[in-house]
Amino acid sequence: MLLAIPEVLTRAAALALRETIAAAEWVDGNATSGAGAASVKRNRQLPEDAPVTRAAQGQVTAALMGNAAFLSAALPHTVFPPLFNRYGEGETFGLHVDNAIRFHTASGARIRTDLSATLFLTDPEDYEGGELEIEGSFGTLSYKLPAGHMILYPSTSLHRVTPVTRGERISCFFWLQSLVADPMEREILYDLDQSVQKLSAERGKSDSEVLRLTAVYHNLVRRWAEA
């Protein structure tokens, strides 16, 4: 599933966060790269253990947990603490696939990467290039979203960030393990949940058919979820 989610952060909140972290000290982006990605990655990253990173992670995580579209699409089991990257002129991240397992040094936790996400903190008109391109059976899709908007996509996808040719692109990125590992099952649940929400708004939550579909949704989650 590829899903663009608007206003995970408001534009004002996204730009304020960008301004805060832009003033921090940044390091080579290969600090979190796997062996394959390191050869094609040229960007910078906030250190994972920096106080400014932890504060920014808290803000983004709170926004994610309050976003109904994200929760419905991702059904998150574990979210890797969000990270932040920066691309200036000439910086890029070539075609790669994300590691299947991510290890969080501070907590010792390991997660399976089912979904990847990029939360844009820079408005598109403030830089040229820097598109997130994702390849799949659908072809190649390109994303350059407004500040505060996010793209959620399968971690199995080959993807790249094209070279920045003007300005600077600052974003948040992370991976997550879903409660439902199978992508087709997860997409079925998302579609069903969207229908339930629409019918609930039209008929009311106590409508018999809404209740029936709600029960079907939760029973499928119960059947497919991995605790």
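The values are calculated or read from the model by the stated rules, or taken from the named source; none is laboratory data. From a predicted model like this one, the values you see are computed outputs, not experimental measurements. Neighbour counts run over all protein chains shown; Cβ positions are idealised from the backbone, glycine included.
Residues are listed down the side, and each one gets a yes or a no for (1) part of a strand (DSSP E or B); (2) more than 21 Å from S39 (Cβ to Cβ):
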site: H77; (1), (2): yes, yes
site: N85; (1), (2): yes, no
site: S107; (1), (2): no, yes
site: E133; (1), (2): yes, no
site: L141; (1), (2): yes, yes
site: P146; (1), (2): no, yes
site: Q177; (1), (2): yes, yes
Query raised in the report: How about segment 148-199: which of its residues are of a type in the set (K, R) and either crowded, with 17+ Cβ neighbours inside 10 Å or farther than 18 Å from L121 by Cα (or both)?
Result: R160, R169, R186, K198
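Which one of L95, L119 is surrounded by fewer than 21 Cβ atoms within 10 Å (Cβ to Cβ) and within 22 Å of G136 (Cβ to Cβ)? It would help to see each step written out before you state the result.
Working: L119 fails: surrounded by fewer than 21 Cβ atoms within 10 Å (Cβ to Cβ).
None of the others qualify; the one that does is L95.
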Report summary line: Within segment 6-37, restricting to residues that are part of a helix (DSSP H, G or I) and closer than 19 Å to H104 by Cβ, the one that is modelled with the lowest pLDDT is A35
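So, in segment 180-221, of the ones that are assigned to a helix (DSSP H, G or I) and basic (K, R), which residue ends up farthest from Y153 (Cα to Cα)?
Keep residues of segment 180-221 that are assigned to a helix (DSSP H, G or I), which gives 183-203, 208-221.
Remaining after also requiring basic (K, R): 186, 198, 203, 212.
Details: R186: 12, K198: 24, R203: 32, R212: 30 Å.
Filtering first and then ranking leaves R203.
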Query raised in the report: Is it true that some residue in segment 171-181 is assigned by TED's automatic domain parsing to the domain that holds A73, touching a residue at least 24 places away in the same chain (Cβ under 8 Å), over 14 Å from the mean Cα position of the chain (by Cα) and under 30 Å from T92 (Cβ atoms)?
Result: no
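Against the definition (touching a strand residue (DSSP E or B) at 6+ places or on another chain (Cβ under 8 Å), outside the structural domain of L213 (by TED's automatic domain parsing) and either under 17 Å from A4 (Cα atoms) or modelled with pLDDT under 95 (or both)), how does L158 come out, yes or no? Before you say what the answer is, go through the steps one by one.
Details: touching a strand residue (DSSP E or B) at 6+ places or on another chain (Cβ under 8 Å): yes; outside the structural domain of L213 (by TED's automatic domain parsing): yes; either under 17 Å from A4 (Cα atoms) or modelled with pLDDT under 95 (or both): no.
Answer is no for this residue.
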Query - Selected residue [of a type in the set (D, E, K, R) and assigned by TED's automatic domain parsing to the domain that holds A73] from E133, E209, E202, E187 - result: E133
